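Chemist: Below is one structure. I have some questions about it.
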Amino acid sequence: MNEEKKIHLDSGEIASLWTAYVNDSMSVRILQFMIQHIQDPDISPAIQHALDISDGHLKQLTAIFEAEEYAIPIGFTSKDVHLDAPWLFSDTFCLTYVSHMAKVGMLSYSGLLSMSTKPSIRDYFTTCLNQTASLYNQTVEIATHKGVNARIPYIEVPKKADYINSKEYYSGLNPFSDKRPLNAIEISHLYMNALTNYIGMKLCLAFAQTSPNKKVQDFLLRSKEISKKHSKIFNSLLSDNNIATPQLPDVAVSSSTTETFSDKMIMFHMALLISAGIGNYATGASASQRLDLAVNYERLSLEVAKLAKSGADLMIENHWLEQPPGTRNREQLARNKK
């Protein structure tokens, strides 16, 4: 244990701990609002479990920061949520949201774990990964039991294994030639990206109608239209191959226009979703063996990247973007020495 204390945090661990704290501080505020309005006794335990996990993470991270003499990030506080605001999300939306964010969390924690070396930090992120996987399983079981789970389409189970016997398997860019049918990997990514954009669309609407800031509203409505367009593209690719498009349960939002979350937190949440979306598109592009799909992902990624840039500009303009830990500018220090 004494030896452990002598090991300083490296840059990967500093970045991972900072990222985890800011993300969990946001999650706590969203979930605190949701749990106040949940009516369904089947769904409530999952939302409460998610809140307990994030709240526990903040306590553990705070202890780590204090032990390492590491400045605690600003993150998000009770000032970033109006708990007395009217109901905003349907119970099914809350369940779908937590399930989706658990998927984002599993990807995030596996990355944070891989950037950590110190045993205690690796143990922490391993626990986080296991907790998030457990939460995801819980939400899927509840959704399946209630018949509100969006399932990836069924296809015929293969009866034999085979090799690709033609380079035409990778084609798809020529508009005058037939495209081969989608394979299971491509179907999965198209379906999940269509589903993700649909959830993003609903979240944009909820945030836009409750934000008092015109620029934020405009950004959210623009984001909603991009999500709608992308979802339509993915659905079209599926339907062109006679594959069922996402059939989603009621993930409605209310007509409340009362400010619920701070614009600072709304914009951060959007930045998080956009970042996850770009990652999903990159994964979809690399996994797709039909060239037209890869080109589509790359084209849509560029549009999302431009959206991310405009969002970051808006956050900087309003002093909402917290600066991650970094090194000092050595040249500037030298010049300012005197």
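Chemist: Of everything in region 137-164 that's assigned to a helix (DSSP H, G or I) and among the polar types (S, T, N, Q), which residue is nearest to residue 11 (Cα to Cα)?
Modeler: This residue is 137.
Chemist: Being hydrophobic (A, V, I, L, M, F, W, C) and assigned to a loop (DSSP other than H, G, I, E, B) is the filter here; which residues of region 97-136 pass it?
Modeler: Scanning region 97-136 gives a single hit, 115.
Chemist: Determine which member of the set 14, 7, 53 is under 23 Å from residue 109 (Cα atoms), at pLDDT below 95 and among the aliphatic types (A, V, I, L, M).
Modeler: So the residue among 14, 7, 53 that is under 23 Å from residue 109 (Cα atoms), at pLDDT below 95 and among the aliphatic types (A, V, I, L, M) is 7.
Chemist: So which residues in region 77-107 are out of contact with any strand residue (DSSP E or B) (no Cβ under 9 Å at 6 or more places or on another chain) and within 19 Å of residue 59 (Cα to Cα)?
Modeler: 77, 78, 79, 105
Chemist: Does region 228-240 include one or more residues that are over 26 Å from residue 183 (Cα atoms) and open to solvent by 50 Å² or more (accessible area, probe 1.4 Å)?
Modeler: No, there is no match, as no residue in region 228-240 is over 26 Å from residue 183 (Cα atoms) and open to solvent by 50 Å² or more (accessible area, probe 1.4 Å).
Chemist: Considering only residues that are surrounded by fewer than 16 Cβ atoms within 10 Å (Cβ to Cβ) and closer than 30 Å to residue 19 by Cα, which ones fall in region 141-164?
Modeler: Correct list: 141 only.
Chemist: Residues in region 255-269: is at least one touching a residue at least 60 places away in the same chain (Cβ under 8 Å), within 17 Å of residue 152 (Cα to Cα) and open to solvent by 10 Å² or more (accessible area, probe 1.4 Å)?
Modeler: no
Chemist: Are any of the residues in region 165-185 open to solvent by 40 Å² or more (accessible area, probe 1.4 Å), farther than 17 Å from residue 267 by Cβ and basic (Lys, Arg)?
Modeler: yes
Chemist: Could you check, for region 46-65, whether at least one of its residues is assigned to a loop (DSSP other than H, G, I, E, B) and either aliphatic (A, V, I, L, M) or open to solvent by 10 Å² or more (accessible area, probe 1.4 Å) (or both)?
Modeler: no
The values are calculated or read from the model by the stated rules, or taken from the named source; none is laboratory data. Predicted model only: the values in this text are computed from it and were never measured. For neighbour counting, all protein chains shown are included, and Cβ atoms are generated from backbone atoms with ideal geometry for every residue, glycine included. Remember, those area values only see protein heavy atoms, side chains included, never the ligands or the DNA or RNA. Shrake-Rupley method; radii C 1.70, N 1.55, O 1.52, S 1.80 Å.
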